[in-house]
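Reading through the structure tokens given below for one structure.
Any read-out appearing in this document is the output of simple, stated calculations on the displayed coordinates, not a laboratory observation. Predicted, not measured: the structure shown is a model, and the values here were computed from it. A quick note on method: Cβ atoms are made from the backbone with ideal geometry, for glycine too, and the neighbour counts reach across all protein chains shown.
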Amino acid sequence: MQTTLLRIVNSSVVRSNFSSRFFNTSSALNMPFKVGDQIPNVELFEGTPAGKVNIKELCKDKKVIIFGVPGAFTPTCSKSHLPSFLEKADELKQKGYEIVCVSINDPFVMSAWGSQQKVDGKIRMLADPRGLLTHALDVEIDLTGPLGSVRTKRFSSFWENGVCKSLEIEPDGTSATCTLAGPFIDKLA
């Protein structure tokens with residue numbers, strides 16, 4: 001009689017023979033997102049754990065810029081990336097864009113960081129505490145050494161009605177060159 005083990009992998013049940021060697025299925029199930037892809041159907045959090053925001057619903061019938069950062073309060077994120085979008089926020093809102101910042105942090109940290117940066121409703125600060133969006137978009141980076149966990153690669157993306165129209169991901173995952181608001185927005189024009 002052969003024993004069967006059920007494993008949950010990326011929200012799918014995978015049946016494996018116990019005697020078989022386990023294999024990593026994430027690359028088979030999760031491809032990097034690209035222009036033309038639909039936004040995943042995952043929940044993020046705004047302000048508190050009760051402030052659930054479904055990212056797919058948020059992007060429905062809208063133009064949304066989503067940028068991801070490795071961590072709230074970190075130097076490059078606080079001095080360059082977030083401020084670059086904050087500086088362009090009024091211009092972008094006049095053109096009909098909603099702006100969202102995402103990071104693998106808890107909602108309280110994202111809210112405090114937004115207050116410290118004075119985003120004042122110009123940028124939505126959404127927490128991805130379990131990394132569900134980060135994983136679904138395949139923009140994970142292992143920063144367990146400096147930041148204690150897997151984090152979000154630095155990226156900037158534009159979504160129209162839930163479809164990715166433009167995407168920049170920093171080649172090393174953490175620098176701030178092509179993902180800053182200026183260079184990114186220039187490509188949207």
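Of note:
- At R0 = 22 Å, FRET efficiency that the Cβ-Cβ distance of D37 and V150 yields, to 0.05: 0.55
- Each of V69, S103, G182 was scored by the projection of its Cα onto the charge dipole of the stretch 33-188, and the greatest displacement toward the positive side belongs to G182; charges sit on the C-beta of Lys, Arg, Asp and Glu.
- Pairs spanning more than 18 Å between alpha-carbon atoms, out of K62/K95; K165/K187; K95/K153; K52/K165: K95/K153; K52/K165.
- Distance between the modelled labels on T48 and Q116, one decimal in nanometres: 2.2 nm (7 Å Cα→Cβ projection).
- Annotation note: trypsin sites (Lys or Arg not before Pro) in the stretch 46-138 located in DSSP loop regions with a Cβ neighbour count of at most 15 within 10 Å are K60, K62, K95, K118, R130.
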